[in-house]
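**Q** Mind having a look at this structure? Questions to follow.
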Amino acid sequence: TRPSAKRRVSIFGATGSIGQNTIDLIARDLEAYEVVALTGARNIAQLAADARRLSARIAVTAEEGLLPELRAALEGSGVQAAAGEAALLEAADMPADWIMSAIVGAAGLAPGFRALRHGTTLALANKESLVTAGPLLMAEARKYGATILPVDSEHSAVFQALVGEDMATVERIIITASGGGLRDWPESALATATPADAGAHPNWDMGQRITIDSASMFNKAMELIETKEFFGVPAAMIEAVVHPQSLIHALVGFNDGALMAHLGPPDMRHAIGYALHHPDRTHLPVARLDLAQIATLEFHAPSPTRYPALQIAREVMETGGKSGCVFNAAKEIALDGFLAGQIGFMDMSGIVSATLDAMSSDNSLSIAPVGLEDVLQTDQIARDMALDQIRSRIEQPKA
Ligand code: NAD
Ligand code: MG
């Protein structure tokens, strides 16, 4: 350890919602940190401004073609500029004590995977990493003595509820769901929802993709799988419950009947800050709950017809192997199709199911991927299959 030195931190996906919340916390105490790498994609102005403000060593855009723009934006700052997938991996090789993994989608997998080789602490917001390659990622961390800390609010909540507990006494893990932006719509109207309708969240301020995934509960579906992979518990022990206030993030049930709930305001800076300061707790600039004013916490079971993604996640957890990777890839393509106006809101789950079905015909889905390359290859095949599903629906609309 380097007791008196500054903590070296890198942020992958620095320009996004999680990245900006992470920067908010770090910028409050810049004396304590040495910022190594910040990465983004298309928002070059934000990336360059933050890299200057935090005196980062390097700023990397995933978009190769934007290197000249990034270079120009960083001119005279002393911050290096780089671009492209290989540059992202090189940034993951740069020594850092703490790395935030907050790229959205399966694109976040390879840089996080690479960072683990250096025995770093990886704060994992990128849930797609665990959904697509959970066992490989956890094994990689064990192999190199790296630490993965959960940043998804539900998983941070479970993690905190488990401090000092024996996993053998855990009976169940319950994660909560807000119900998303369309929760008050009649189910019959969901098919007509637009990206703008589904992209407004009642409680959380997040990136566009995860916000729409909240409305469809693909987000909760991914989080069920994430729970299984991160905490190593069987699917049957994991539940999701709708809790419209989003104040309880998760509960852990023990064999003596006790339920340990984690409450907090819907502000990602709590989970990010917990991972940043772990194993300590430190003052964080989040609102304090006034329980008397809140007065009521509600819960109800999620409707399987309104949220078919939850059942698909159950099947994925049963199948294991490559099914999580296929599930995630198909979901990303289905979401792209919905955003592009090619398919309806309720078609997304149909695309994901059909892709899983198409790829399970030779029974290879349950076979575990042998390495990262295998995962990335499966991801690509699943994307192509999901695109085929979308095309066939566009050509032959349902009667
Ligand atoms: P966002 O869309 O706001 O930001 C995504 C970041 O990834 C940006 O920095 C963007 O430049 C970068 N990026 C996009 N495509 C990329 C690519 N192909 N290659 C490299 N970088 C790319 O997303 P977000 O809401 O901050 O979510 C980030 C991750 O954290 C997701 O996995 C999400 O599921 C997870 N998460 C987010 C929240 C939240 O509150 N926003 C909560 C829990 C988990
Ligand atoms: Mg979450």
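**Q** Compute the length gained on full extension between Thr282 and Leu263: take 0.36 nm times their separation in residues and subtract their Cα-Cα distance, giving the result in nm to one decimal.
**A** That works out to 5.2 nm of additional length.
**Q** Looking at the range 107-226 from every direction and averaging, what is the projected area of its Cα convex hull in nm²?
**A** For the range 107-226, the mean projected area of the Cα convex hull comes to 8.9 nm².
**Q** Another one. Please work out the ratio of the alpha-carbon Rg of the range 73-117 to 2.2 N^0.38 Å and round it to two decimals.
**A** The range 73-117 yields a ratio of 1.26.
**Q** More than 22 angstrom separation, counting every C-alpha pair in the range 7-150; what % is that?
**A** For the range 7-150, the share of Cα pairs beyond 22 Å comes to 31 percent.
**Q** Step through the table entries Lys143/Lys331; Lys6/Lys127; Lys143/Lys322, compare each Cα-Cα distance with 24 Å, and write down the pairs that go over it.
**A** The answer is Lys143/Lys331; Lys6/Lys127.
**Q** Which residue, Leu263, Leu47, Leu289, tops the fluctuation ranking in a GNM of the chain built on C-alpha contacts under 10 Å?
**A** The residue with the greatest mean-square fluctuation here is Leu289.
**Q** On to the next question. Go ahead and run the numbers for FRET between Ala236 and Ala196, Cβ-Cβ distance against an R0 of 41 Å, rounding to 0.05.
**A** So, using R0 = 41 Å, E works out to roughly 0.60.
**Q** Full-extension gain between Glu187 and Ser364, please, as 0.36 nm times their residue separation minus the C-alpha to C-alpha distance.
**A** In short, 60.2 nm is gained.
**Q** Can I ask one more? Considering the convex hull of the alpha carbon atoms of the chain, report its projected area averaged over all viewing directions, in nm², one decimal.
**A** If I average the Cα hull's projected area over directions, I get 20.4 nm².
**Q** Compute the FRET efficiency between Arg53 and Arg172 as 1/(1 + (r/R0)^6), taking r as their Cβ-Cβ distance and R0 = 30 Å, and round to the nearest 0.05.
**A** Here the calculated transfer efficiency is 0.10.
Coordinate-derived values only; no laboratory data. The structure displayed is predicted, hence computed values, not measured ones. For neighbour counting, all protein chains shown are included, and Cβ atoms are generated from backbone atoms with ideal geometry for every residue, glycine included.
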